[in-house]
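K.L.:
Below is one structure. I have some questions about it.
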Amino acid sequence: MNKVNLQVQLGPLKLKNPILTMSGTFGFGRELAKFYDLSVLGGIVVKPVTPKPRPGNPPPRIAETAGGILNAIGIQNPGVDAAIAEELPALQYLRRQGTLVVGSVSGHSFADYTFVTKKLSDSGLVDAIELNISCPNLKGGGLAFGTDPDTVKEVVSRVRAVCGVPLIVKLSPNVTDITKIALSAAAGGADILSLINTLTGMAIDARTRRPILKNITGGLSGPAVKPVALRMVYEVARKVDLPLIGIGGIISGTDAAEFLLAGASAVGVGTANLLDPLAAPRILAELEEYLVQQQVESVEEIVGGLIID
Amino acid sequence: MLREDAGKIQMATIVENKPLASDVYHITLQAPRLAAAAKPGQFVMVRVAPGFAPTLRRPFSLHRFDREAGRIELIYQVLGKGTALLAGRKPGEELELLGPLGNGFWFSGESRVALVGGGMGITPLLAAAEHLAGEGKEVVTFLGARTGDYLLAAEKFAHLGPLYLTTDDGSRGEKALVTKPLAEYLENNRPDLVLACGPLPMLRAVAEVVNSRGIPAQVSLEQRMGCGLGVCLGCAFPIRAETPEGYTYKRVCHDGPVFWAHEVLFALPAETTKQGGCSDEQS
C-alpha cells in the first residue's frame, strides 16, 4: 500500500493525522489506553471540566435509540484543579509523541468559562482548549450560551482574552441557522470550530409511560445524526473562514472521508468509542485505505473536495 | 498498537440457546479466553447482531463459566429488540463479546457465605456459589421470584448447600419476599458474608436486614449502561462519599457492578433528583 500523507494543518495546530477522539466519550484517556496506544491518534479531547467538581445527573443517564444513543450525563467531572493535578499530567507522554491533548471547558457563566480556560491554558498541559457552549444537559449553562449569536460572540471573546493556546469552539446543532453562530464565534476570536454537539432529544418507555432519562431530555449522538452533521459542516465551511473539526456519527473511515469532503480539516470520533473501543484506530486505518483507493497523496487534497455536478 | 484489554474483544460460538421460561433464555458460548479470565460477579457485553444495529452491546452477568471446557453461560430475559434478536441466534453462529468486565465479588477467606437472589438477579449467584463450594466453603442460598418459573436454576443451587425459595404467588416455595427466610435464618446463624443481586427494592431490604446486624454484604447493581468500558459515565449509581453532596456517582460497569451494601445510596436526597440534579446555583 502506498503511503498517504495523513498530516493536516488545523489552523494553528499541526496534527499527525485528522482523527481526534471527542470529549465525553474518552474520559481522560485512562480506560481506552488499555486497549491501544493512544499515540496513533491525531489528538484527544478530554472530558469537559468545570470550576468545581460536579456529581453529574441522577440516573438513568443513557438510552439507546435507532442508530444512536441519547445521554444526559450532566458534565460529571472532578473539577479543573483535579484535572490539572491528577489527569492531564498522565497524558503528557502523548504530546511528546505528537498527539495533541485538548482540554475541554464547560460552565454556567462567563466567569466559569474564563476561570477554567485560564487555569487550563496557564497549566501548560494542553495544546488547545475546546469551549463547550453547546451541552444540552446543563440547566442554565452550556446550551444557553451556544444558541444566541450575541452571547456566543461575548463568551468567545472573553475566553479568547485569557486563553494562551488555540481556541476551539464547539457548536450546537440546536439552532435555526448554525452559520450565524459560527460567524459569531469567529468574530469572537475562535481559531477553530468543532461541530456538531448532540441534538436535543427524548426517549419514552410506553410500557411504563415514563421518560427513559431521569433528566427527561438528553443529547442524541451516533450514526443517526450524521446527515444533520454533514449538512451543517458543509454550510459552515462555505460561510466561515475557519478550519473545522467535523463530528457526528462517524463510525467508519468513509464516514470520516465524507466530513473531510464536506469541508472539515479534521474529524472527531465520539459515540463510536463507546460502541467499539478500537473505533478510532480502525477509522484511521479505513480512512487511509480510502485515500489510497482515491489515489491521493495527502489527506488535505480531499478537504472541501466535494464535487457538485 | 494493541494493548492487553483489546483481548477482551472476542468472537464466541453459540453452543446452545434455549428458553428456560416463556421470556427467559439460557445461552452457552464457546469463549475460552473469557472463561479463563472470568471471576464470579463479572459481566460480559454481547453484540447481539453484527454491525451497529442495535447501537449498543447488551450487558449480561456471567451465570456460570467452565475454564476447562472454555465455555460461559448467560441467562437473559427478552425485554426489547436487542434481546429478541439474541433469542433468535442459532447454535454454530458467532457473537462478538466484550469481557470479562467489572470487578466481580471479592472474597477474603470467609467460611460461610449467604447468597440472596431475586428474579434475574439469581443469575450471577450460581458462579459465586460454585466457586465457593469448590473452595470448600459453606453456601446458603435464598432465591425469590414472581412465580416458580422464574426461580432460575434453583435445582443447581440445591446441590451446593441449603436452599430457601420464595415466590410472590406461592407457586413454589414460601409465599413471601426473599428477605423473610433470610431474616429468620439470621436469627440463629451468622454468615461471614452476604452476596445479593436482584431488583433495587430487594437489595435495599437485604441491606437493611444485614446492616442492622453488622454482617458485611456485597450487592451487584444494575443500571442502564452505555459503553461498559468506564468511559461514558452512563451507568452511574450514587455511592456514599465525603463530598458536599454526601455521595459520588460511581460507574456500575467499571467501579462495580459489585459494591458494599452499606456504601450504596438506594435513594437520593429529594432536592437532587428533581430538575436534572443540577445543584449548582446559576450565576
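K.L.:
Please state which one of B:Ala241, B:Ala154, B:Ala183, B:Ala236 is in contact with a helix residue (DSSP H, G or I) (Cβ under 7 Å, 6 or more places away or on another chain) and of a type in the set (A, V, I, L, M).
P.N.:
Selected residue: B:Ala183, the only one of B:Ala241, B:Ala154, B:Ala183, B:Ala236 that is in contact with a helix residue (DSSP H, G or I) (Cβ under 7 Å, 6 or more places away or on another chain) and of a type in the set (A, V, I, L, M).
K.L.:
Just give me the residues in segment B:56-76 being open to solvent by 40 Å² or more (accessible area, probe 1.4 Å) and within 14 Å of another protein chain (Cβ to nearest Cβ), in sequence order.
P.N.:
Correct list: B:Arg58, B:Pro59.
K.L.:
Check A:Val102, A:Val116, A:Val126 and return the single one that is farther than 17 Å from A:Gly27 by Cβ, more than 10 Å from every other protein chain (Cβ to nearest Cβ) and β-branched (Val, Ile, Thr).
P.N.:
Matching residue, one of A:Val102, A:Val116, A:Val126: A:Val116.
K.L.:
I've got another one for you. Among the residues of segment A:121-149, how many are modelled with pLDDT under 85, of a type in the set (Gly, Ala, Ser) and either open to solvent by less than 10 Å² (accessible area, probe 1.4 Å) or not in a loop (DSSP other than H, G, I, E, B) (or both)?
P.N.:
4
K.L.:
Additional query: Considering every residue within segment A:53-63, establish whether at least one is surrounded by fewer than 24 Cβ atoms within 10 Å (Cβ to Cβ), outside any strand (DSSP E or B) and out of contact with any Phe, Trp or Tyr (no Cβ under 9 Å at 6 or more places or on another chain).
P.N.:
For segment A:53-63, residues surrounded by fewer than 24 Cβ atoms within 10 Å (Cβ to Cβ), outside any strand (DSSP E or B) and out of contact with any Phe, Trp or Tyr (no Cβ under 9 Å at 6 or more places or on another chain): present.
K.L.:
Next question. Take the residues of segment A:73-86 that are surrounded by fewer than 20 Cβ atoms within 10 Å (Cβ to Cβ) and within 14 Å of another protein chain (Cβ to nearest Cβ): which is farthest from A:Gly219 (Cα to Cα)?
P.N.:
Ranking the candidates gives A:Ala82 first.
K.L.:
On to the next question. Mind checking whether some residue in segment A:8-27 is among the aromatic types (Phe, Trp, Tyr), assigned to a loop (DSSP other than H, G, I, E, B) and open to solvent by less than 10 Å² (accessible area, probe 1.4 Å)?
P.N.:
There is at least one residue in segment A:8-27 that is among the aromatic types (Phe, Trp, Tyr), assigned to a loop (DSSP other than H, G, I, E, B) and open to solvent by less than 10 Å² (accessible area, probe 1.4 Å).
K.L.:
Within the group B:Met1, B:Met45, which residue is in contact with a helix residue (DSSP H, G or I) (Cβ under 8 Å, 6 or more places away or on another chain), under 25 Å from A:Ala285 (Cβ atoms) and within 12 Å of chain A (Cβ to nearest Cβ)?
P.N.:
On inspection, the qualifying residue turns out to be B:Met1.
K.L.:
Any idea which of B:Lys90, B:Lys18 is outside any loop (DSSP other than H, G, I, E, B) and surrounded by fewer than 21 Cβ atoms within 10 Å (Cβ to Cβ)?
P.N.:
Within the list B:Lys90, B:Lys18, the selection yields B:Lys18.
K.L.:
Only one residue in B:Gly230, B:Gly161, B:Gly226 is touching a residue at least 24 places away in the same chain (Cβ under 8 Å), within 14 Å of chain A (Cβ to nearest Cβ), buried (at least 17 other Cβ atoms within 10 Å of the Cβ) and out of contact with any helix residue (DSSP H, G or I) (no Cβ under 6 Å at 6 or more places or on another chain). Which one?
P.N.:
Just a single option satisfies the conditions, and that option is B:Gly230.
K.L.:
Please specify each residue of segment B:223-265 satisfying the condition of being among the hydrophobic types (A, V, I, L, M, F, W, C) and assigned to a strand (DSSP E or B).
P.N.:
Across segment B:223-265, the qualifying residues are B:Ala236, B:Phe237, B:Ile239, B:Val258, B:Phe259, B:Trp260, B:Val264.
K.L.:
Okay, moving on. Pull up segment B:187-229, narrow it to residues that are closer than 30 Å to A:Phe28 by Cα and among the polar types (S, T, N, Q), then point me to the one that is modelled with the lowest pLDDT.
P.N.:
Ranking the qualifying residues of segment B:187-229, first place goes to B:Gln223.
K.L.:
Considering every residue within segment A:113-120, establish whether at least one is on the phi > 0 side of the Ramachandran plot and either assigned to a helix (DSSP H, G or I) or open to solvent by 40 Å² or more (accessible area, probe 1.4 Å) (or both).
P.N.:
no
K.L.:
Scan segment A:215-253 for residues that are surrounded by fewer than 20 Cβ atoms within 10 Å (Cβ to Cβ) and within 14 Å of chain B (Cβ to nearest Cβ) and jot them down.
P.N.:
A:Ile216, A:Thr217, A:Ser252
K.L.:
Oh, and also: Restricting attention to segment A:194-236, report how many residues are on the phi < 0 side of the Ramachandran plot and either in a strand (DSSP E or B) or in contact with a Ser or Thr (Cβ under 9 Å, 6 or more places away or on another chain) (or both).
P.N.:
Count: 26.
K.L.:
What tally of residues in segment B:65-108 results from selecting those that are among the small types (Gly, Ala, Ser), touching a helix residue (DSSP H, G or I) at 6+ places or on another chain (Cβ under 7 Å) and closer than 25 Å to B:Asp23 by Cβ?
P.N.:
Result for segment B:65-108: 1.
The values are calculated or read from the model by the stated rules, or taken from the named source; none is laboratory data. Predicted model, so just to flag it, every value in this text is computed and none were measured. When we count neighbours, we look across all protein chains shown, and the Cβ atoms used for this are built from the backbone with ideal geometry, even at glycine. The area values use the complete protein model at the heavy-atom level, side chains included, leaving out ligands, DNA and RNA. Shrake-Rupley method; radii C 1.70, N 1.55, O 1.52, S 1.80 Å.
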